[in-house]
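So that we are looking at the same thing, I have put the structure below in structure tokens.
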There are 2 protein chains.
Amino acid sequence: MKTRDRILKASLQLFNEQGERNVTTNHIAAHLGISPGNLYYHFRNKADIIYSLFLQYRGLVDRYLKVPRNRTLTVEDKMFYLESVFDGLWHYRFFHRDLEYLLTMDERLRHDYREFTFHCLGEIRAVLKGLQEAGILRPHSEQEHEAMALNVWLVVTNWMAFLKTASADGGSDGNTQRELKQGIYQVLTLEMPYLTEAYYERVTAIREQYRPDLSVMEGGSRAEEPDLSV
Amino acid sequence: MKTRDRILKASLQLFNEQGERNVTTNHIAAHLGISPGNLYYHFRNKADIIYSLFLQYRGLVDRYLKVPRNRTLTVEDKMFYLESVFDGLWHYRFFHRDLEYLLTMDERLRHDYREFTFHCLGEIRAVLKGLQEAGILRPHSEQEHEAMALNVWLVVTNWMAFLKTASADGGSDGNTQRELKQGIYQVLTLEMPYLTEAYYERVTAIREQYRPDLSVMEGGSRAEEPDLSV
DNA sequence: GCAGATCTAGAGTATGTACTCTAGGATCAA
DNA sequence: TTGATCCTAGAGTACATACTCTAGATCTGC
């Protein structure tokens, strides 16, 4: 593996584990057993590393969040998007953690992230519209779609941060990754009141499998794998 | 005003304006025209200042978020809570910005913030229950209340961060404060489908007054793009 | 007026952090 | 072989940051 890619991989890992703020370029180099000079040969500065990681992240999301405009959506589509989104968030979890600071330090990143946000909001709206056309959600106005999409975005991008702050151990990765998917429950909660009768039973049954158990946050929870075949 | 209080006031201001990460204890002292030694006479360290600000914040929230259990709630109650909550968030906006880092650095804060979160979630549930008993919201289960309260919390505590990342100028305070209350629109969006017919018209009319104008924010980015029309 | 407590100044320190510079090894094409 | 380009090591720098220490000013109660 090329040194450049090794640096990105190690940075991502360390950022995720310890937070961008606590990981210096010297740490990254030391972790890889290379010299700081070598690291700075491949990247102009720390912000450059972070920006490259953002490009990876954006590429990942772009790859799976392609809403088909030529056929009706299914419940499976919807669940695939949700699972993929939360996987991506987990993989690049350092990013939303220190987002505001990162954006103030790098104008290029700020610009691109902003575009990325609106792109994602557009895709979420497309999903909502698709589900409506498929008869899964009851019809409502563009304005409602917009407001709902925004709430979905807020819940999705901040669910992990909530887990970190709300779990007793400060959000050790082990517990957090297990509880991460419970964010799906929260997203489905947003859309539940709009479900058509034809789909209500099925979707609520799926949703039930992701239900968070907040009372368990004190100790270790033993969540079973959700079953999609309902 | 006592030096201790002046330190807290200046810290809050600087943290809010520049982010906790960009404000050092030396900055705070210099801003007040006092010596670092003086600052450290009043506070053991930076985390101590932050913790004191958290106590102020918690006190503020505790003061207004007292849901009366002996009478039915009104729409006015609900709107008062929302306005107050967003005011409080604005006043201590640095806090949720760097929350995760702050919690990892100060165990006492982590513990107390966690308690604070669950306390607030409880009060939100109490509001939902109160509105239901008042016939404003259609009845639904405790479980649904719990999930909804969590979504309300997520939207409320992260709306400001969203504004910062989504606004073209990186969230200058002027624009942000104006748009802040539009978070109320998003919260009301969550509860809208549960409104009873008797209150639907009235609440949606109130909600409409807080509607965010995202097209303005999106327009900002287009303006920066090169104009290809010759 | 005086003793003790409280408060303040400001120089100073230990540590950390992002980043640079130079010199030289590896690789590869001609 | 040679020259050029790519890659790497590692010492080193300039600056920032959280925090300390000492000596003295100011206040308070009597």
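The values are calculated or read from the model by the stated rules, or taken from the named source; none is laboratory data. No experiment lies behind these values; they were computed from the predicted model shown. Virtual Cβ from ideal backbone geometry, glycine too; neighbours counted across all protein chains shown. Note: accessible area is taken over every heavy atom of the protein model, side chains too, but ligands, DNA and RNA are not part of it. Shrake-Rupley method; radii C 1.70, N 1.55, O 1.52, S 1.80 Å.
For residue B:134, list long-range residues whose amide hydrogen, built 1.01 Å from N in the peptide plane, is under 5 Å from its own amide hydrogen.
For residue B:134, the qualifying residues are B:73.
A further question on this structure: At a Cα cut-off below 15 Å, give the aspartates and glutamates reachable from residue A:46, other chains included and same-chain residues fewer than 8 away excluded.
The reachable aspartates and glutamates, counting only those whose Cα sits under 15 Å from residue A:46, are A:5, A:20, A:98, A:106, A:107.
Continuing with this model, one more query. Rounded to the nearest 100 Å², what is the sum over both chains of accessible area buried where A meets B, with a probe of 1.4 Å?
It comes to approximately 4600 Å² buried between A and B.
How far, in nm, would the chain grow between residue A:31 and residue A:112 when pulled straight, counting 0.36 nm per residue and subtracting the alpha carbon separation?
Extra length available between residue A:31 and residue A:112 comes to 26.2 nm.
Ok, one more. Label position 7 Å from Cα toward Cβ: report the copy-to-copy distances for residue A:22 in nm, one decimal, ordered from shortest.
Label-point separations across copies, in nm and ascending: 2.4.
Per residue, how much accessible area does chain A have with a 1.4 Å probe, in Å²?
Heavy-atom accessible area per residue stands at 45 Å².
Would you kindly derive the ³J(HN,Hα) couplings of region B:163-170 from the backbone phi angles with the Karplus curve 6.51 cos²θ - 1.76 cosθ + 1.60 (θ = phi - 60°), listing them in order in whole Hz, with x for Gly and Pro?
Result, rounded to whole Hz: 4, 4, 7, 9, 7, 4, 8, x.
Let me ask you something else. So which residues of region A:171-197 lose at least 40 Å² of accessible area, probe 1.4 Å, when you go from the chain by itself to every protein chain present?
A:186, A:189, A:193, A:194
Straight-line reach from residue B:78: which lysines have Cα under 21 Å away, leaving out those fewer than 8 places along the same chain?
Straight-distance partners of residue B:78: B:66, B:129, B:181.
Let me ask you something else. Using a 7 Å offset from the Cα along the Cα-to-Cβ direction at both residue A:74 and residue A:38, what is the distance between the two label points in nm, to one decimal?
4.9
Sticking with this one: Could you derive backbone 3J(HN,Hα) for region B:21-34 from the dihedral phi with the Karplus parameters 6.51, -1.76 and 1.60 (θ = phi - 60°), listing whole Hz in sequence and x where the residue is Gly or Pro?
4, 8, 10, 9, 4, 5, 4, 4, 4, 4, 4, 8, x, 10
Related question: Applying the Karplus parametrisation 6.51 cos²θ - 1.76 cosθ + 1.60 with θ = phi - 60° to the phi angles of region B:73-90, what ³J(HN,Hα) value in whole Hz is obtained for each residue in order, glycine and proline being reported as x?
Going residue by residue, I get 7, 10, 4, 4, 3, 4, 5, 4, 4, 4, 4, 5, 4, 5, 4, x, 4, 5 Hz, with x marking Gly and Pro.
To the nearest 10 degrees, how steep is helix A:107-133 against the longest Cα principal axis of chain A, on a 0 to 90 scale?
20
Which positions within region B:80-123 get 40 Å² or more of their accessible surface covered by the other protein chains, compared to the chain by itself, with a 1.4 angstrom probe?
Those are B:97, B:100, B:101, B:110, B:114, B:118, which lose 40 Å² or more relative to the chain on its own.
Turning to a different aspect of this structure: Which of rounded, prolate or oblate describes region A:46-218 when judged by the alpha-carbon gyration tensor and an a/c cut-off of 1.5?
Judged from the Cα gyration tensor, region A:46-218 comes out oblate (a/c at least 1.5, b/c at or above a/b).
For region B:1-72, which trypsin sites (Lys or Arg not before Pro) pass both filters: DSSP loop (anything but H, G, I, E, B) and at most 16 other C-beta atoms within 10 Å?
B:2, B:44, B:66, B:69, B:71
Moving on to the next point. Search the structure for amide H atoms under 5 Å from the amide H of residue A:195, placed 1.01 Å from N in the peptide plane, and list their residues when 5 or more places away or on another chain.
Residues meeting the criterion, in which the H sits 1.01 Å from N, are A:138.
In percent, how large is the relative contact order of region A:92-181, given Cα pairs closer than 8 Å and 6 or more residues apart?
Relative contact order comes out at 22 percent.
Stretched out fully, how many nm does the piece from residue B:13 to residue B:144 gain, at 0.36 nm a residue minus the Cα gap?
The span from residue B:13 to residue B:144 would gain 43.3 nm if fully extended.
Hey, another quick one. Copy-to-copy spacing for residue A:119, label 7 Å out on the Cα-to-C-beta vector, in nm, shortest first?
4.3
Same structure again: Taking a label point 7 Å from Cα toward Cβ, how far is residue A:68 from its twins in the other copies, in nm, shortest first?
When each copy's label point is compared with this one, the spacings are 5.6 nm.
Under the definition of Cα pairs under 8 Å and six or more residues apart, what whole-number percent is the relative contact order of chain B? All intermediate terms of the calculation are to be shown ahead of the outcome.
Values: 176 pairs, mean separation 40.7, N = 230.
So the answer I get is 18 percent.
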